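> Dropping a structure here in C-alpha cells format, bear with me for questions.
The values are calculated or read from the model by the stated rules, or taken from the named source; none is laboratory data. Just so you know, these numbers come straight off a predicted model, no measurement behind them. Here the Cβ positions follow ideal geometry from the backbone for every residue, glycine too, while neighbour counts run over all protein chains shown.
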Amino acid sequence: MFEPLLALFLIVLIGAALRLVLREEAGPSAWWLTGWVGAGVAGILTLHAADLTGLRLLAHPLASLFPWLLLGGALRFADRPAPPVLLAAGLTVGLLRVGLTLAGHGTAAYVAALGVEPAVSIAAAVVATRAARSRPNATTVERLVGPAMGVLALLGAFHLGWLTRYGTLAPWLVGVWTVATPGLLGIQMQGAAGHARRGLRRARDELEQRVAGRTAELAQANRALEERIARHEAAERALRRSEERYRVISELSSDLCFAYRVEPDGRAVGEWVTDALREITGYAREELQGAHWLRLIHPEDMDPARLQFLAVLSGALREMQLRIVRKDGEVRWIRAAIRITRDMESGCLRAVGAASDVTDTRRAEEERTRLEARMRDAERLESLGLLAGGIAHDFNNLLTVILGNARLAVADLPAGAAARMRLGRIEGAARHASRLTEQMLAYGGRAPIQLKPTDLSMVVEDVADVLRASLPGGARLETELPLQLLIDGDATQLSQVVMNLVANAGEALPNGTGVVRVCTGMTQVSAGELAHAVGAPDPEPGSYVFLEVSDTGAGMDDDTRRRVFEPFFSTKFSGRGLGLAAVLGLVAAHRALLLVKSAPSQGACFRVLFPPAQGLAAPDPRPATPGPAAR
C-alpha cells in the first residue's frame, strides 16, 4: 500500500512542478531548480528504493527530464521561448528507459540515456554561453553558467557510462555529486538572478518612459483646461455687458459652454448653451429642455452628481467630474468648471461654466496605474527568483544530512539489515527539507497555518537534533525548555521559526565557534518594550510566552539591526537573508511579536513573544541543558 501511494504522490508533485515551469512568466531559475530537485529525487530513489520496483522505475523519467529542463532554462536565460515539446521529449526518453528496464534490458536503458541526455546538456551549455557572450554587461557569474552546464554534461555522461558498465552507483560517485552540486546549482541560481534583474531593469526603463510620456500628456491637458477656464472667466466678465457678444465668444470655444439660473424655488432654468453640446453629448439642445438634461448623467453617478451640484451652489466647489451617457450609448467622463454669481435684484443664482471631455485623460491615468502595478509584479517576480536561490543553500544542507546518514547506514550494516534507526533519521531530515518550501509560502502569505494549542517547548525538543546538526562544528547548543508552555500555533511553522533563528545564530558565530542558546518561558512585557517590537499590529502589555535564541557572535550595529528583517538583506554574500524575513512572516501569522537586542561584539538575542493559549498552566522550569558540539 505504501509504494503506490508514494508513487502517486511523486507523480502529482512532478506534474505540478512541470505545470509551474510552463507558465509564461517562469524564468530560468524555475526550470533549473525543478530539474535539480527531480534529479535529486531520482538519485534518492535509486539508492534507497532497492526493494520498491515501482518507485525505482520513477527514477528514469525524473533523471531523463533533468537535461531537457536545463535546456529549457538556458533558452529562457537567452530570452527565448522554451517550448513544451522539451518536456515531452524528456518524458519520452524516460518512458523508453522504463520500458527497456521492464523488458529486462536495464543496460540498454542506460545506453539510450547516454546517447541522448549528454548531448542535450551540451546544447544547453552552448545556448547559455552564447547568451552571456551577447550581453556586453554580463556578470562573471552569468558567463560561468554555460561552462557550469558543460561540467554537468561531462558528469552526467560519466554517471550514465558507469551505470551502463556496472549497473549500480558507487559511493564515491555519490560523493562527487554531493561536492559538485552546491557550486553548480549556485552558479545557475545566481546567473538566473542576474537575468531577472536585467529583465526588471528593462521593464522599469520602459515603464518610466511610458509613464513620463503619459505624465507629460496629463500635464499638457491640465494646462489646456486651465487656460480654457481662464478664457471662459474672462469671457464671462465681458459678456455681462453684452449678452449677444457673450454668446458669440462662447460659440467660438471648442468646449461646451453654458449658462443657467436657479430660481428662488429651486428650479434650474437654462439660458443658453453652445453648439459643442451636440459634439460632446450627441443631443441637440432642444432634446435637453427642462429636466430632460438629467438623462445625460450616468445612473451610477446620479447621487454623487447631486452632491457636487449642491457644493457648487454653496460655493464650496468650483469643479465637478461625472460620467455622461451619450445619445449613442457611449459613456464619457466630463469635467465642468462653474462659477456662481447672485443677482442682487432678483435673488436668483446664475451659473456660467464650461465642460470638456476628459475621458482620454482619465484613461491615461488608469494606464499609468496599470503600468505601476505591472512594475510591482515584476519586482515580485525578481524576489521569487532570488528566493529560489536563497533556499538552495539550506536545502542542500538538509540533503547532506540525508546522504551522510545513508552512507553510514550502508557502511555499518550488512546487506539486507533493517537499519531502522538511521533510516528513520533519513526520513526525518527529508521531512524538514520539505518544510523549506513552506518557508517561501509563509513569507508570500500563502502558506496554510492551522492554529491549535501547542507546547512551545516540545516543538523545540522535537527539532533539537536537527538544530545541533545544522550548527558549525565548533558550536554548542544549550537549551532551557520548561514544559506546559501552551500557545495557539502551528507546530510545523513554529519549528521552521526555531530552525531559521538557530541557523542565523550559527552563521553569526566567528569561525563557527561559540554558543547558541535556546530558551522558552513566560514573561511580562511592558508598553515600552512593545514599542520596539515588530510583527502583529496593536500589541498590548501583559503576559507572553517567549522563545529566545541568543548567540555569542559578533553582534550587529544599529543600522544592521533596523534592516535585519528586510527581504534578502544580509551581511553575507549575495543570495542570503531569506530566513529572518520568513521568520517575521510566520511570527505575524501567529499574532506574535519579535524583539531584537544586539550590539557590536556582544552577540545577538532574538525573542519571539506569543500570546498564551487559554488555560495556560504554570511553567515547569528545567535547568539549562548544554548540548554537545554540533558536529
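> Return the only residue of ALA469, ALA508, ALA464 being within 32 Å of the chain's Cα centre (by Cα), small (Gly, Ala, Ser) and within 21 Å of ALA581 (Cα to Cα).
Numbers: ALA469 fails: within 21 Å of ALA581 (Cα to Cα); ALA464 fails: within 21 Å of ALA581 (Cα to Cα).
Checking each option against the conditions leaves just ALA508.
> Now, a different point. Looking for something of a type outside the set (Lys, Arg), on the phi > 0 side of the Ramachandran plot and at pLDDT below 70 - is there at least one such residue anywhere in region 253-266?
First, pick out the residues of region 253-266 that are of a type outside the set (Lys, Arg): 253-260, 262-266.
Filter again for on the phi > 0 side of the Ramachandran plot, leaving 266.
Imposing the further condition that a residue be at pLDDT below 70 reduces the set to 266.
Yes: region 253-266 contains one or more residues that are of a type outside the set (Lys, Arg), on the phi > 0 side of the Ramachandran plot and at pLDDT below 70.
> A follow-up question, please. Every residue in region 503-552 that is polar (S, T, N, Q), more than 17 Å from LEU584 (Cβ to Cβ) and surrounded by 19 or more Cβ atoms within 10 Å (Cβ to Cβ), please.
Once the filter is applied, which keeps residues that are polar (S, T, N, Q), more than 17 Å from LEU584 (Cβ to Cβ) and surrounded by 19 or more Cβ atoms within 10 Å (Cβ to Cβ), region 503-552 yields THR520, SER550, THR552.
> Using beta carbons and a limit of 9 Å, which pairs, at least six apart or on different chains, have the first residue in region 595-607 and in the same structural domain as LEU530 (by TED's automatic domain parsing) and polar (S, T, N, Q) and the second one buried (at least 21 other Cβ atoms within 10 Å of the Cβ) and assigned to a strand (DSSP E or B)?
As it stands, the answer is SER598/ALA604; SER598/PHE606, since those pairs meet every condition given.
> Hey, another quick one. Out of curiosity, is SER470 of a type in the set (S, T, N, Q) and closer than 17 Å to THR523 by Cβ?
Considered against the rule, which asks whether it is of a type in the set (S, T, N, Q) and closer than 17 Å to THR523 by Cβ, SER470 comes out as no.
> Then there is this: Restricting the search to region 467-500, which residues are crowded, with 21+ Cβ neighbours inside 10 Å and in a helix (DSSP H, G or I)?
Those that are crowded, with 21+ Cβ neighbours inside 10 Å and in a helix (DSSP H, G or I): LEU467, SER470, GLN493, LEU494, GLN496, VAL497, VAL498, MET499, ASN500.
> Counting only residues that are over 35 Å from the mean Cα position of the chain (by Cα) and loosely packed, with under 13 Cβ neighbours inside 10 Å, how many does region 202-221 have?
So the first thing to find is which residues in region 202-221 are over 35 Å from the mean Cα position of the chain (by Cα), and the list is 220-221.
Subset that is loosely packed, with under 13 Cβ neighbours inside 10 Å: 220.
Total satisfying the criteria: 1.
> Something else now. What number of residues within region 274-284 satisfy the criterion of being under 21 Å from VAL331 (Cβ atoms) and either modelled with pLDDT under 70 or not in a helix (DSSP H, G or I) (or both)?
Counting residues in region 274-284 that are under 21 Å from VAL331 (Cβ atoms) and either modelled with pLDDT under 70 or not in a helix (DSSP H, G or I) (or both) gives 3.
> Given the residues LEU114, LEU100, LEU160, which is the only one that is surrounded by fewer than 19 Cβ atoms within 10 Å (Cβ to Cβ) and either touching a His at 6+ places or on another chain (Cβ under 8 Å) or in a helix (DSSP H, G or I) (or both)?
Exactly one of LEU114, LEU100, LEU160 is surrounded by fewer than 19 Cβ atoms within 10 Å (Cβ to Cβ) and either touching a His at 6+ places or on another chain (Cβ under 8 Å) or in a helix (DSSP H, G or I) (or both), namely LEU114.
> Hey, among VAL151, VAL145, VAL176, VAL120, which residue is surrounded by fewer than 20 Cβ atoms within 10 Å (Cβ to Cβ), assigned to a helix (DSSP H, G or I) and either touching a residue at least 40 places away in the same chain (Cβ under 8 Å) or not assigned by TED's automatic domain parsing to the domain that holds ALA78 (or both)?
VAL176
> If only one of THR178, THR168 is over 33 Å from the mean Cα position of the chain (by Cα) and of a type in the set (Ser, Thr, Tyr), which one is it? So that I can check it myself, show each step before the final result.
Values: THR178 fails: over 33 Å from the mean Cα position of the chain (by Cα).
The match here is THR168.
> Between ARG339, ARG368, ARG362, which is part of a strand (DSSP E or B) and either at pLDDT 75 or above or closer than 30 Å to VAL211 by Cα (or both)?
ARG339
> Let me ask you something else. Do you know which residues across region 128-175 are among the β-branched types (Val, Ile, Thr) and out of contact with any helix residue (DSSP H, G or I) (no Cβ under 7 Å at 6 or more places or on another chain)?
Result: THR140, THR168.
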